[in-house]
Amino acid sequence: MLARVASCVFTGLQGTIVEVEVDVASGLPAFDIVGLPDAAVRESRERVRAAVRNAGLDFPVRRITVNLAPADLRKEGPHLDLPIAVGVLAASGQVPAGRCQGFVFAGHLSLDGAIGPMAGALPLALCARQAGFRGAVVPRGNGAEAALAGGLEVVGVAHLREVAAWLRGETWTPAPVAAAPRAPRGVEAVDLAEVRGQTHARLGLEVAAAGGHNLLLMGPPGAGKTMLARALPGILPPLGRDEALEVTAIYSSAGLLPPGAGLLVARPFRAPHHSASVAALVGGGPRLRPGEVTLAHRGVLFLDEVTEFARDALEALRQPLEDGRVYVARARGAAVYPARFTLVAAGNPCPCGFHGDGEGRCVCTPAQVRRYRQRLSGPLLDRLDLHVYVRRLEAGQLLGGEGGEPSSVVRARVAEARERQAHRFRGEPVTCNAEMTRRHVRRFCRLDPEVEGWLQTAYRNLGLNPRGLERLVKVARTLADLRGEDEVGLEHLNLALSLRQLDRYAQ
């Protein structure tokens, strides 16, 4: 007898429906799985056999052939245990095969028949909804997560016996699953009220939050670069519904979403160590896992001590910074991951750290300073919209007086600026000023002739390239939004230029 059960496998974050065909025929007892299964799927033979028996069901002592279609797609992950077990039960007549239609099954089995939580329940549910399925049968611990997809009947089960009872239509019925309440995720942000002084750096932080601009904080050790960077999450607006669903699906696929978690509404904040490899930053590995740039999607990627990162790891950031996605190709497959993040990099200006602090403590030669700064290549610096020098404060500034505006006040201004951008880009594939293409810059950042002439002079005198000029205009557009002004004026461009200090330092 032949039975068909639907499931799903993933290439990166992209789900593909897989049909699990199970044939139970006469002949010598055997259990074969074909269709490019990986080691975890091949090992499911023993897990399924033990789970069926320990659940009080009959495992057919016959020739069992399982085909995973399409046959040319590699199948990975133990979540195919449940659809294989259901297929065996349906093909052997223990459950009605017709009840399996219209549902996608996923979950890995313990030897006693228990169904444990899995990674990727939300992407699976989204894939099932898009493919037109009526519902999904997933581990009970992932039920609330799968329900976030909406428009899908989600059945959460904890044991193979429950699945069999539900398929037979017996009196036991799984409890209905509802999406869990929103569950913010992220580090505890530093309140800007705790930051003393650093007026220019605070402005850079606000502009970065309002327009999604990449930011470089350069300064001596202990000046407060890390503290400023960790204050950024506190002034960012929460994720919208579509963005939150996108981010939650990424964390679900990576196995970083706790069982029972709801929708992630706080923007991600990722801070990898400077020893991180290229694969750790941009993704890859044997099973094509997403990297830090994808885990920071719609949020912040903070690279502390950026000049200590490996050169090839930093250069690998250039393409995702430009395109908002990263294409990872390996011998076993390829995947495209979203990577629309705000980069905040912090570093020292020289090997000793004190170049430019005004007190003459730097012991580095000009050649050493130049070599040290060359660890950040020109093309990478071009992709950083804001370059801010964070100066060391005097003891009186640190110990006396009040702090600056609290994060709540700054966050309100940022939210208003983001609303202006959302209204401006309605109908466009753009969410903030930093994502504008050249076409958007020409359309939404029109300059009067006097301002345009000033900009041409700055372009020549500072030796900017076209990308640097374009990013300067984008920053000016954000400054105008923060002030509630429709036109980009000379004062906005002047202030934007003051927030690109490395351009002036290079002259």
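The values are calculated or read from the model by the stated rules, or taken from the named source; none is laboratory data. Being a predicted model, the structure only gives us computed values, none of them experimental. Here Cβ is always computed from backbone atoms with ideal geometry, including for glycine, and neighbour counts include all displayed protein chains. Heavy atoms of the whole protein, side chains included, go into the accessibility calculation; ligands, DNA and RNA do not. Shrake-Rupley method; radii C 1.70, N 1.55, O 1.52, S 1.80 Å.
Worth pointing out:
- Think of a 1.4 Å ball rolled over the protein heavy atoms: the range 258-300 then has 35 Å² of accessible area per residue.
- Cysteines having no other Cys beta carbon under 4.7 Å from their own, within the chain: Cys8, Cys100, Cys127, Cys352, Cys362, Cys432, Cys445
- Three-way shape label, the range 1-44, alpha-carbon gyration tensor, a/c 1.5: oblate
- Portion, in percent, of the accessible area of the range 239-281 that falls on carbon or sulfur, probe 1.4 Å: 57 percent
- Near Gly427: Cβ cut-off under 15 Å, other residues only, Lys/Arg at +1 and Asp/Glu at -1. The net charge is +1.
- Global form of the range 364-467, assessed from the alpha-carbon gyration tensor, a/c cut-off 1.5: oblate
- Measuring nothing but protein heavy atoms, the accessible surface of the range 348-507 at 1.4 Å probe radius is 51 percent carbon and sulfur.
- Each residue, Ala329 and Glu416, gets one label point 7 Å from its Cα in the Cβ direction; the gap between the two is 4.9 nm.
- Probing with 1.4 Å while keeping every protein chain in the model, the per residue accessible area of the range 76-124 equals 24 Å².
- Relative contact order of the range 446-507: 38 percent, from C-alpha pairs under 8 Å at least 6 residues apart in sequence.
- Expressed to the nearest 5 percent, the antiparallel share of DSSP beta bridges inside the chain is 45 percent.
- Normalised per residue, the accessible area of the range 1-59 is 46 Å², obtained with a 1.4 Å probe and no contribution from ligands, DNA or RNA.
- Heavy atoms of Met227: accessible area, 1.4 Å probe, square angstrom to 10: 70 Å²
- Evaluated at q = 0.13, 0.22, 0.28 Å⁻¹: base-10 log I(q)/I(0), Debye formula over Cα of the range 208-255: -0.48, -0.89, -1.04
- Nonpolar atom fraction for the range 15-147, defined as the carbon and sulfur part of the 1.4 Å probe accessible area, stands at 51 percent.
- Cα gyration tensor shape of the range 231-284, rounded if a/c is under 1.5, else prolate or oblate by comparing a/b with b/c: oblate
- Antiparallel beta bridges, as assigned by DSSP with both residues in the range 61-171, represent about 25 percent of the total such bridges.
- For the range 1-92, the share of DSSP beta bridges that are antiparallel, to the nearest 5, is 75%.
- Area accessible to solvent at Arg168, 1.4 Å probe radius, in Å²: 100 Å²
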